[in-house]
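To keep things clear, I will list the structure first and then write my remarks on it.
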Amino acid sequence: MDGMNLFFGIVAMTMVGLSWTVFGYLMGKAPKLGIDVTGLLFICTGIEFFISLVIAVFSGIPRATAAGWGIGFGLQVVCGVVNYLQLEIMSKAMQRGPNGIVWTIIQSGFVFPFIMGITFFGVPLQMMRGTGFLLVIISLILLGTSGDREPGSSKWKLLALIAFGVTGISQCLSNLPSYFASADAITSIWRTNGFALGVLIGCFIYRFMNLRRFFQVVRRQLFDRQVWRLGVFGSSANLLSSFLFLFPGMNMLVKANAGAIAYPIMVCSCLIFFELYSIIFLHEKRTVVQIGALILCLFGAAGICF
């Protein structure tokens, strides 16, 4: 049984990683089209929140304890707030630096839930996983210190490293409910809805000082076909991956005593496809050191998986 849970958990996490590439694309594409990222995220998340709420209500309200709701739903709301902050910082870093490198640094935040699983939940630290972890750290150091020396180049690196830390916190919050049996009754649909609610709250918090201008931007973007194309594209990818793969996949891996490898698998597949997208479609160039660092990161992620 553990073998089946492990296999299907790995497949599910790989599919989620592929879907994440969509948001990397949106965060880099929107500013270039003159689209306000906050407004786009608000519309995307609004679609996700409404659809997931309708499905969740019709599927029935879970019979869970207060602790189960707090861990399974409440933590996802907090995760959504933190994740929104991460997306804002990531978008700013992508506007100033190479999208593929920025994405790799930020998504390497999977080391945080990896450490959490080993430290607090008894996930075994095998030699291969330990070696993979070290390779990821080395790749981050190389990516953060290599590249151009043009004015402003250090700014995108600092933003990327801040987003890396925020991403790690977000991923820990997302992964935590799978370790607690009391949260099992909270289905993936309700967790997805909690996450979407958190992103909306994060959006309001981030724009609190200038809500009037924010709503003007959103109102204007509501009538922009290009915004709706991107919004439907992003929300569809996220809803499908959350319902079908993200939370069910993490639960399977926890049952196989391999919960710590959930995010490494997602990131490994995501990095490969986003890097291909950055090089083939964005025509981004890579230095020898950056290419070496990316290869180390991929080998590190693969090592952590096994």
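The values are calculated or read from the model by the stated rules, or taken from the named source; none is laboratory data. Predicted model, so just to flag it, every value in this text is computed and none were measured. Ideal geometry is used to build each Cβ from the backbone, glycine not excepted, and the neighbour counts take in all protein chains shown. Accessible surface is based on the protein model in full, side chains and every heavy atom, while ligands, DNA and RNA are left aside. Shrake-Rupley method; radii C 1.70, N 1.55, O 1.52, S 1.80 Å.
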* Asked: Roughly speaking, what % of Cα-Cα pairs in segment 96-136 are separated by over 11 Å, rounded to a whole number?
  -> 68 percent
* Determine by what factor the alpha-carbon radius of gyration of segment 48-134 differs from 2.2 N^0.38 Å, reporting the quotient. => 1.49
* Structure fact -> The correct pair for the chain, radius of gyration to one decimal and Dmax as a whole number, both in Å and from Cα atoms, is 18.8, 57
* Hits among lysines - C-alpha to C-alpha of Lys92 under 30 Å, sequence gap 8 or more where chains match -> Lys29, Lys32, Lys155, Lys157, Lys285
* Structure fact -> Yeah, segment 170-253 with a ≥ b ≥ c from its alpha-carbon gyration tensor (a/c under 1.5 is rounded, else prolate when a/b outruns b/c, oblate otherwise) is oblate
* Asked: Top to bottom by accessible area (1.4 Å), largest first, where do Arg207, Arg129 land?
  -> Arg207, Arg129
* Asked: So what's the Cα pair-distance distribution over segment 95-246, bin width 5 Å, in %?
  -> 2, 7, 11, 14, 17, 17, 15, 10, 5, 2, 1
* Where only protein heavy atoms count, and the probe is 1.4 Å, what is the accessible area per residue for the chain in Å²? -> 45 Å²
* Asked: How would you order 78-88, 49-59, 7-17 from highest to lowest mean count of nearby Cβ atoms within 10 Å?
  -> 78-88, 7-17, 49-59
* What percentage of the solvent-accessible surface of segment 63-212, computed with a 1.4 Å probe over protein heavy atoms, is contributed by carbon and sulfur atoms? -> 71 percent
* Structure fact -> Any helix of the chain counts here only if DSSP assigns it H throughout, its Cα atoms span 30 Å or more along the axis, and its mean Kyte-Doolittle hydropathy is at least 0.0, and such helices are 2-32, 37-59, 75-96, 153-175
